[in-house]
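Notes follow the structure.
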Amino acid sequence: GQLGNGTSGGGSAVPVVVTGLDDVASITAGWSNSCALLTDGSARCWGALDIPFGNSSSVPVVVAGLADGATIDAGRGHNCASLVDGTARCWGSNSNGQLGNGSGSNSASPVVVTGLSDTASVTTGSFHSCALLIDGTVWCWGDNFRGQIGNGTTGGNSIVPVAVVGIP
(Lines give C-alpha, C1' and ligand atoms only; values in the text may rest on other atoms or scores of the structure.)
Protein backbone atom coordinates (compact mmCIF):
# COMPACT_ATOMS: atom_id res chain seq x y z
CA GLY A 1 0.00 0.00 0.00
CA GLN A 2 3.00 2.39 -0.10
CA LEU A 3 1.75 4.03 -3.30
CA GLY A 4 -1.34 5.38 -1.51
CA ASN A 5 -3.62 4.92 -4.49
CA GLY A 6 -5.82 2.16 -3.07
CA THR A 7 -3.81 -0.72 -4.51
CA SER A 8 -1.40 -3.11 -2.86
CA GLY A 9 1.29 -5.24 -4.41
CA GLY A 10 2.80 -4.94 -7.84
CA GLY A 11 4.09 -1.38 -7.67
CA SER A 12 4.05 1.11 -10.51
CA ALA A 13 6.66 2.11 -13.08
CA VAL A 14 5.09 5.57 -13.39
CA PRO A 15 3.92 8.10 -10.80
CA VAL A 16 0.39 7.60 -9.45
CA VAL A 17 -1.94 10.02 -7.70
CA VAL A 18 -2.17 9.46 -3.93
CA THR A 19 -5.85 9.11 -3.06
CA GLY A 20 -7.55 11.91 -1.13
CA LEU A 21 -4.63 14.26 -0.48
CA ASP A 22 -5.17 18.00 -0.83
CA ASP A 23 -3.13 20.95 0.39
CA VAL A 24 0.07 18.97 0.97
CA ALA A 25 2.89 20.98 2.57
CA SER A 26 5.51 18.20 2.55
CA ILE A 27 5.86 14.49 1.98
CA THR A 28 8.23 11.79 3.23
CA ALA A 29 8.84 8.18 2.29
CA GLY A 30 10.10 5.65 4.80
CA TRP A 31 11.11 2.02 4.61
CA SER A 32 7.55 0.70 4.30
CA ASN A 33 5.25 3.69 4.53
CA SER A 34 4.85 7.29 3.42
CA CYS A 35 3.41 10.33 5.17
CA ALA A 36 2.22 13.77 4.14
CA LEU A 37 2.02 16.89 6.26
CA LEU A 38 -0.90 19.05 5.17
CA THR A 39 -0.98 22.85 5.23
CA ASP A 40 -3.42 22.76 8.18
CA GLY A 41 -0.79 20.94 10.29
CA SER A 42 -2.47 17.54 10.21
CA ALA A 43 -0.79 14.45 8.83
CA ARG A 44 -1.78 11.44 6.76
CA CYS A 45 0.18 8.20 6.38
CA TRP A 46 -0.20 5.06 4.23
CA GLY A 47 1.55 1.75 3.67
CA ALA A 48 2.71 -0.27 6.71
CA LEU A 49 1.48 2.27 9.26
CA ASP A 50 2.76 0.77 12.47
CA ILE A 51 4.95 -2.25 11.95
CA PRO A 52 4.71 -3.68 15.46
CA PHE A 53 0.91 -3.75 15.23
CA GLY A 54 0.58 -5.06 11.67
CA ASN A 55 -1.75 -2.27 10.51
CA SER A 56 -1.52 -1.08 6.95
CA SER A 57 -3.54 1.01 4.53
CA SER A 58 -3.36 1.45 0.77
CA VAL A 59 -4.82 4.97 1.10
CA PRO A 60 -3.80 7.84 3.41
CA VAL A 61 -5.27 7.80 6.91
CA VAL A 62 -5.28 10.58 9.51
CA VAL A 63 -2.53 10.39 12.13
CA ALA A 64 -4.67 10.57 15.27
CA GLY A 65 -3.47 13.00 17.91
CA LEU A 66 -1.21 15.00 15.62
CA ALA A 67 -2.17 18.59 14.86
CA ASP A 68 -0.09 21.68 14.17
CA GLY A 69 2.74 19.70 12.58
CA ALA A 70 5.66 21.69 11.19
CA THR A 71 7.83 18.86 9.76
CA ILE A 72 7.44 15.11 9.39
CA ASP A 73 9.77 12.22 8.59
CA ALA A 74 9.15 8.52 8.00
CA GLY A 75 11.69 5.96 9.19
CA ARG A 76 11.87 2.21 9.35
CA GLY A 77 8.77 1.27 11.29
CA HIS A 78 8.46 4.60 13.06
CA ASN A 79 7.69 8.19 12.16
CA CYS A 80 8.37 11.54 13.85
CA ALA A 81 7.03 15.07 13.52
CA SER A 82 8.00 18.44 14.91
CA LEU A 83 5.13 20.69 15.94
CA VAL A 84 4.76 24.44 15.66
CA ASP A 85 4.91 24.67 19.48
CA GLY A 86 8.51 23.38 19.34
CA THR A 87 7.80 19.89 20.68
CA ALA A 88 8.29 16.64 18.79
CA ARG A 89 6.14 13.52 18.54
CA CYS A 90 7.01 10.00 17.33
CA TRP A 91 4.98 6.83 16.81
CA GLY A 92 5.38 3.22 15.67
CA SER A 93 8.08 0.73 16.61
CA ASN A 94 10.15 1.53 19.71
CA SER A 95 12.43 -1.51 19.83
CA ASN A 96 15.52 0.65 20.37
CA GLY A 97 13.99 3.71 22.04
CA GLN A 98 13.54 5.50 18.71
CA LEU A 99 10.32 7.17 19.92
CA GLY A 100 12.33 9.07 22.55
CA ASN A 101 9.61 9.11 25.18
CA GLY A 102 11.56 7.36 27.93
CA SER A 103 10.04 3.93 27.36
CA GLY A 104 10.66 0.90 25.22
CA SER A 105 6.99 0.45 24.37
CA ASN A 106 5.63 0.71 20.83
CA SER A 107 2.91 3.28 20.22
CA ALA A 108 0.26 3.35 17.49
CA SER A 109 -0.30 7.06 18.11
CA PRO A 110 2.16 9.95 18.48
CA VAL A 111 3.92 10.30 21.86
CA VAL A 112 5.84 13.33 23.11
CA VAL A 113 9.62 13.11 22.73
CA THR A 114 11.00 13.75 26.22
CA GLY A 115 12.74 17.03 26.99
CA LEU A 116 12.68 18.73 23.59
CA SER A 117 11.51 22.29 23.09
CA ASP A 118 12.25 24.70 20.27
CA THR A 119 12.47 21.86 17.75
CA ALA A 120 12.99 23.10 14.19
CA SER A 121 12.84 19.71 12.44
CA VAL A 122 13.10 15.96 12.99
CA THR A 123 14.58 13.11 11.01
CA THR A 124 14.43 9.35 11.39
CA GLY A 125 16.87 6.56 10.67
CA SER A 126 16.34 2.83 10.79
CA PHE A 127 16.22 2.54 14.57
CA HIS A 128 17.10 6.04 15.78
CA SER A 129 15.79 9.59 15.42
CA CYS A 130 17.25 13.10 15.64
CA ALA A 131 15.99 16.64 16.08
CA LEU A 132 17.51 19.95 15.06
CA LEU A 133 16.68 22.66 17.56
CA ILE A 134 16.26 26.34 16.74
CA ASP A 135 19.54 27.11 18.57
CA GLY A 136 21.43 24.89 16.11
CA THR A 137 22.02 21.99 18.48
CA VAL A 138 21.16 18.44 17.46
CA TRP A 139 19.70 15.81 19.77
CA CYS A 140 19.36 12.10 18.94
CA TRP A 141 17.88 9.00 20.56
CA GLY A 142 17.39 5.30 19.89
CA ASP A 143 19.90 2.74 18.60
CA ASN A 144 23.56 3.61 19.25
CA PHE A 145 25.16 0.34 18.15
CA ARG A 146 27.50 2.17 15.76
CA GLY A 147 27.44 5.59 17.43
CA GLN A 148 24.34 6.82 15.56
CA ILE A 149 23.23 9.17 18.35
CA GLY A 150 26.48 11.10 18.21
CA ASN A 151 27.26 11.46 21.90
CA GLY A 152 30.78 10.06 21.64
CA THR A 153 29.87 6.50 22.64
CA THR A 154 28.95 3.31 20.81
CA GLY A 155 26.65 0.55 21.94
CA GLY A 156 23.33 0.41 23.70
CA ASN A 157 20.26 2.54 23.18
CA SER A 158 19.05 5.87 24.50
CA ILE A 159 15.31 6.06 25.20
CA VAL A 160 15.51 9.85 25.58
CA PRO A 161 17.26 12.49 23.46
CA VAL A 162 20.97 13.20 24.10
CA ALA A 163 23.00 16.08 22.70
CA VAL A 164 25.18 15.35 19.69
CA VAL A 165 28.77 16.25 20.53
CA GLY A 166 30.33 19.09 18.51
CA ILE A 167 27.20 20.62 16.97
CA PRO A 168 27.26 23.57 16.78
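The values are calculated or read from the model by the stated rules, or taken from the named source; none is laboratory data. Remember, predicted model here, so these are calculated numbers, not experimental data. In this analysis, Cβ positions are derived from the backbone assuming ideal geometry, glycine residues included, and neighbour counts consider all displayed protein chains. Just the protein is used for accessible areas: all its heavy atoms, side chains included, with ligands, DNA and RNA removed. Shrake-Rupley method; radii C 1.70, N 1.55, O 1.52, S 1.80 Å.
Taken per residue, the accessible surface of the stretch 60-135 reaches 37 Å², heavy atoms only and a 1.4 Å probe. Charge tally around Leu38: other residues with Cβ under 14 Å, Lys/Arg +1 each, Asp/Glu -1 each, net -3.
For Asp40 and Ser105, the FRET efficiency from 1/(1 + (r/R0)^6), where r spans their Cβ atoms and R0 equals 30 Å, is about 0.50. Here the contact order of the chain, divided by its residue count and restricted to Cα pairs under 8 Å and six or more residues apart, works out to 15 percent. Rolling a 1.4 Å probe over the protein heavy atoms of the stretch 21-100, with every protein chain left in place, gives an accessible area that is 49 percent carbon and sulfur.
Label-to-label distance, Val62 versus Phe145, with points set 7 angstrom from Cα along the beta-carbon direction: 3.8 nm. Students often get this wrong, so try it: which of [x] 34, 15, 12; [y] 24, 21, 15; [z] 27, 17, 13 is semi-axes √(5λ) of the Cα gyration tensor in Å as calculated from the structure shown? Only one option fits the structure, namely [z]. Note that the stretch 56-65 has calculated 3J(HN,Hα) couplings of 8, 8, 8, 9, x, 10, 5, 7, 5, x Hz, one per residue in order, obtained from phi through the Karplus relation 6.51 cos²θ - 1.76 cosθ + 1.60 (θ = phi - 60°); glycine and proline are x.
Taken one residue at a time, the phi angles of the stretch 146-155 give Karplus couplings (6.51, -1.76, 1.60, θ = phi - 60°) of 10, x, 4, 8, x, 9, x, 10, 10, x Hz. Gly and Pro are set to x. Hey, if you put +1 on the Cβ of every Lys and Arg and -1 on every Asp and Glu Cβ in the chain, which of Asn55, Ala81, Cys35 ends up farthest toward the positive end of that dipole? With unit charges placed on the Cβ atoms, the residue in question is Asn55. Near Ser117: Cβ cut-off under 12 Å, other residues only, Lys/Arg at +1 and Asp/Glu at -1. The net charge is -3. When +1 charges are put on Lys and Arg Cβ atoms and -1 charges on Asp and Glu Cβ atoms, the dipole computed for the chain relative to its Cα centre reaches about 480 debye.
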